[in-house]
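Structure, as structure tokens:
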């Protein structure tokens, strides 16, 4: 079981009485983040831990050369959106969003705001 492997890998740093579970949910909203776990319950707020790589990120790139200047803004997906299916790790009352189910991220150019 994954929780047993995690305890062995972490040594004594995780209390042996803590059970870990893998759960699947659906994002219901992103401001603030809300995730419904099947039809059982909805998670939101500080109980959800979202890793940096799941946030929508904006990059502004300026490159100057002798003949021209490139000035573009890009958005790096996969920022979460309502309807996305996610995988969560439940541990001691907190839920770590591990990633999206079956989706690839993309990089796209956006118009300047």
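No value in this document is a laboratory result; all are computed from the given coordinates. None of the values given here were measured: they were computed from a predicted structure. Ideal geometry is used to build each Cβ from the backbone, glycine not excepted, and the neighbour counts take in all protein chains shown.
Just a few scattered comments:
- Simple label model, 7 Å out from Cα along Cβ direction - residue 44 to residue 63, nm: 4.3
- The range 41-66 residues near the modelled residue 30 label - backbone nitrogen below 15 Å, point 7 Å along Cα→Cβ: 50-59
- Relative exposure of 63, 52, judged by other C-beta atoms within 10 Å (fewest first): 52, 63
- Burial ordering of 95, 53, fewest other beta-carbon atoms within 10 Å first: 53, 95
- The residues 100, 72, when put in order of fewest to most other Cβ atoms within 10 Å, stand as 72, 100.
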